[in-house]
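Rule-based calculations on the coordinates, nothing more; no lab input. Keep in mind the model is a prediction, meaning the values are calculated, not measured. Counting neighbours? That spans all protein chains shown, and the Cβs are built from the backbone with ideal geometry, glycine included.
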Amino acid sequence: MTNTPQQTSLLQARNLSMAFGGLDVFKDISLDIFEHQIVALIGPNGAGKTTLINCITGVYKPTEGNIAFQGKPISGLRPHQICRAGIGRTYQIPRPFMNMTVLQNLQVCAKPGEKDFRRLLDLAGLWEKRHRLAKNLTFQERRLLELSRALSVNPKLLLLDETIAGLNPSETKDMMTILKRIHSEFKVTILWVEHVMSAIMETAHHIFCLHQGALIAEGSPADIANNDKVIEAYLGEEYKFQEK
């Protein structure tokens, strides 16, 4: 995508590090997520992408550094506090309440006062299945329910962790259409961890690439597709040839 929306910093990470038992997952990362963008976070498995998402959402407290959202520090807050501040997320493996219906899953997760469940479920194509138990949904439908639950907290920043992983090409295309609609209709900023590069290159305004716990590059999709460090660490020479 070539047109970048007007940029206003929404989330800032400064000199962020995370270690477990003395082992660094990532170290000294600084980045800005700008309002109204779709931002992708890419890199090999083990690069630290999901750990970074977990630090932003309060699952982990960073070993060093700080995170600010809308100009206010959120490092050290608990996950429910960060959620209430306006940050929603999905997980690599959908985590619905299996013995609740689709609608009940939204009701228990939603921001207080949220009533427009039909809009959320229509977007996901789940309104007609609102009374179906989550355990009876297909894998794709559980992913869509996971996305709907994240939207029900009315986030300003939506964090997506491999939302299209495991989907077939047709399902992937449908999910990309839904993500574009979410960005457009809900006016939400998106930070998206993903390995399906064709989807990222078509959808993202800006891309960060992590490798071995370090931020090795950032830029537009075109910049990233032809960045030598990213090609060597992640994409491979074949991808560069295809993108030119």
Under a Gaussian network model of the chain whose springs join Cα atoms within less than 10 Å, the largest fluctuation of G58, G21, G113 belongs to G21
Spelling it out for Y91: with amide H atoms placed in the peptide plane at 1.01 Å from N, the residues 5 or more places away or on another chain with amide H under 5 Å from its amide H are D161
Inter-part gap, Cα centre of the range 135-160 to Cα centre of the range 41-70, in whole angstrom, is 20 Å
For K27, counting only aspartates and glutamates whose alpha-carbon sits under 17 Å away and dropping same-chain residues fewer than eight positions off, the answer is E64, E218
For the range 43-117, the percent of all C-alpha pairs falling in each 10 Å bin, from 0 up to the bin holding the max distance, is 16, 40, 31, 12, 0
The long-range amide H neighbours of A217, using H built 1.01 Å from N in the peptide plane and a cut-off of under 5 Å, are C209
In nanometres, the difference between 0.36 nm per residue of separation and the alpha-carbon distance of R119 and Q212 is 29.4 nm
Taking the dipole of the range 30-133 about the Cα centre (Lys, Arg +1; Asp, Glu -1; charges at Cβ), the one of P112, A85, N66 that reaches farthest to the positive side is P112
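Would you mind ranking E194, E128, E114 by Cβ crowding within 10 Å, fewest neighbours first? Can you show the working numbers first?
Numbers: E194 20, E128 10, E114 15.
Starting with the residue having the fewest Cβ neighbours, the order is E128, E114, E194.
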The chain, convex hull of Cα, quarter of hull surface, nm² -> 13.1 nm²
Rounded to the nearest 5, the percent of antiparallel DSSP beta bridges in the chain equals 55 percent
Semi-axes a, b, c in Å (a largest) for the range 89-141, each sqrt of 5 times a Cα gyration tensor eigenvalue, come to 16, 13, 11
So Q107 and Q92, fully extended at 0.36 nm per residue minus their Cα-Cα distance, gain in nm 3.2 nm
hull vol. (C-alpha, convex hull) per residue for the range 1-138, Å³ -> 165 Å³
Semi-axes in Å, largest first, for the range 79-190 (Cα gyration tensor, √(5λ)) are 19, 17, 13
With a Förster distance of 51 angstrom and the Cβ-Cβ distance between E128 and N15, calculated FRET efficiency to the nearest 0.05 equals 0.55
